[in-house]
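The values are calculated or read from the model by the stated rules, or taken from the named source; none is laboratory data. Just so it is clear, the model here is predicted, and its values are computed rather than measured. Here the Cβ is made from the backbone with ideal geometry for all residues, glycine too, and neighbour counts use every protein chain on show. In case anyone asks, the SASA skips ligands and DNA or RNA and just uses the protein heavy atoms, side chains included. Shrake-Rupley method; radii C 1.70, N 1.55, O 1.52, S 1.80 Å.
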Amino acid sequence: MGWWPDDLETTGFPARASRSTEHETGADGETDLLLAAHGGDVQAAHLLGRHFAQRGDRSAARHWWERAAAGGNMDSAYNLGVWHEKHGSLEESLLWYDLAAGTGDVEAAVNMATLLLEQRGDVATARRWFETAARAGSRLAARRLALICEGGGETETAGEWYRRAALDGDLASAHDLGFLAYASGQDDETLRWWERAARGGHADAGYHLGLFLRANQDPEGAEAFYRLAAANEHPGAASRLGGIALSRGDLRTARAWFERAAHLGNVDDQRTAGFVCVELGDPRAAGHWFGRAAAAGDPEAAFNYGLLLIAEHDDLRGGRHWFRRAARAGHRRAAAELASLSSPAGLPREAGRRPADPPAPVWDRTAEPELVARAELTVAAASRRGGIPLKVGDLTEILATWDLVTRPLRDHTEVTAWLAGQSGLRPDTVEQLASVRAALLRPCGAPWPTSAEVEHVLAIARALRADWSP
């Protein structure tokens with residue numbers, strides 16, 4: 001929100017009013033305030049500063065706040081800190097905030113800590129002021145302090161400050177507490193904090209709780225929280241609900257959910273919405289969604305958009321264009337269609353085609369839903385605060401491979417030795433796969449696997465499948 005008439009926004013003035021009621025109603029306008037202020041009335045000087053600030057007179061506002069602050073008015077000192085933050089210098093702003101914070105002004109302490117952290121990178125001093133403000137009851141300071149502690153690896157201390165902020169109503173902190181509990185294997189605490197945040201309207205918490213419940217084989221509970229998250233415009237939750245409806249054969253409901261996710265910009269859901277619309281016999285809507293996903297760079301959508309243009313509109317030129325776009329991105333079927341269209345004999349055959357069924361990686365088809373949910377939770381947990389970037393598909397493939405190759409076993413106590421014997425892989429190699437799988441399924445405070453570890457174990461999983469003979 002802007003502060004002065006020449007700012008981009010001028011709908012309000014956030015300078016703090018005085019905590020005293022003197023002069024608020026007893027003086028008749030600016031003249032009386034000026035007389036009182038010139039006579040040494042500190043409260044009148046503070047109100048004059050606010051009066052001139054609201055009129056857009058920066059210089060006069062600063063003058064009267066300085067007079068009031070010199071007389072001990074800490075509301076004016078706070079306002080001067082804000083004034084210099086916007087229109088003066090960092091050093092002056094910090095000086096005034098420091099003066100106000102030194103008298104117990106919590107907002108001044110938070111503002112000063114924020115400037116020290118974000119403008120100077122002074123983590124130690126910022127942390128000290130955030131802690132002062134947090135202990136005085138500032139929810140924002142408690143959250144900022146928790147973020148600093150978590151970033152520094154102080155997980156237990158971070159949890160204490162997140163808890164303080166969450167109990168004071170901060171939904172983001174409740175969501176973060178859920179992740180800390182999940183990473184340490186505390187299922188009850190995970191459920192408690194994510195549910196608290198989700199029911200308060202935190203969309204990510206609702207979605208992650210849905211994944212958590214699905215990973216723990218509670219599909220009904222998962223669906224309920226997906227719905228709660230989708231009501232708060234979470235695209236992933238809408239997509240999950242679309243998949244649930246699709247598994248039930250309810251194409252119309254699936255379309256509604258996928259289109260909801262697609263409207264929020266998810267390219268995968270735009271493509272899927274296109275396929276569902278094809279199945280429902282609505283080529284116009286299918287073209288809309290294929291076109292949006294194709295324009296965003298999705299090669300599968302581009303390929304199917306090309307097929308649709310030819311099949312529904314006899315638009316060979318448009319079909320070629322989108323086939324070419326898809327082929328350049330490595331889509332083999334699009335390249336084959338382009339080659340076919342270059343031959344006159346191929347034109348009639350191509351013109352009668354309809355969009356192909358959406359291809360899906362094998363592990364998207366065969367992995368149990370709880371494994372996919374577990375993989376996505378791990379990706380979300382590991383990537384928090386700029387952490388390890390992992391891929392859901394890679395983790396799903398690792399989990400699904402283990403599930404596939406161990407299916408014949410009734411007793412899993414000697415599974416590593418059994419797999420090594422069946423596959424010809426070294427026992428320590430199979431043990432690496434088992435270790436990463438265990439970390440993905442049941443985190444208990446150990447570090448998440450690194451990208452390099454996942455890549456290595458993924459190669460082991462693929463080697464295991466390549467030579468597998470159930």
Taking every C-alpha to C-alpha distance in region 191-265 and binning by 10 Å from 0, the per-bin percentages run 25, 51, 23, 2
Computed magnitude of the charge dipole of the chain (debye, nearest 20; Cβ of K, R +1, Cβ of D, E -1): 1620
Please compute the volume of the convex hull spanned by the alpha-carbon atoms of region 201-243 and report it per residue in Å³. 51
Based on the Cα atoms of region 360-462, what semi-axes does the equivalent ellipsoid have, where each is the square root of 5 times one gyration tensor eigenvalue, given in whole Å with the largest first? 23, 15, 12
Most to least packed among 266-275, 179-188 [average Cβ atoms within 10 Å]: 266-275, 179-188
Expressed in angstrom and rounded, the centroid-to-centroid distance over alpha carbons for region 239-278 and region 122-142 is 45
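Quick one: dipole size for region 222-294, taken about the Cα centre, charges +1 on Lys/Arg Cβ and -1 on Asp/Glu Cβ, in debye to the nearest 20.
60
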Could you grab the relative contact order for the chain? Cα pairs under 8 Å, six or more apart, rounded to a whole percent. 7
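Going by average Cβ density within 10 Å per residue, which order do the peptides 412-423, 290-301, 97-108 take, highest to lowest?
Ranking the peptides 412-423, 290-301, 97-108 by packing returns 290-301, 97-108, 412-423.
By average Cβ neighbour count within 10 Å, what is the ranking of 77-83, 452-458 from highest down?
On the way: 77-83: 25.7, 452-458: 17.0.
The peptides rank, most packed first, as 77-83, 452-458.
Hey, what's the chain come to in accessible area per residue, 1.4 Å probe, Å²?
48
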Overall Cα dimensions of region 146-239 - principal axes, largest extent first, Å: 35, 24, 19
Quick one, which of (1) 23.5; (2) 27.1; (3) 25.5 is the actual Kirkwood radius over Cα pairs in Å calculated for this model? (2)
Region 83-127: C-alpha gyration tensor shape, a/c 1.5 cut-off, then a/b vs b/c: oblate
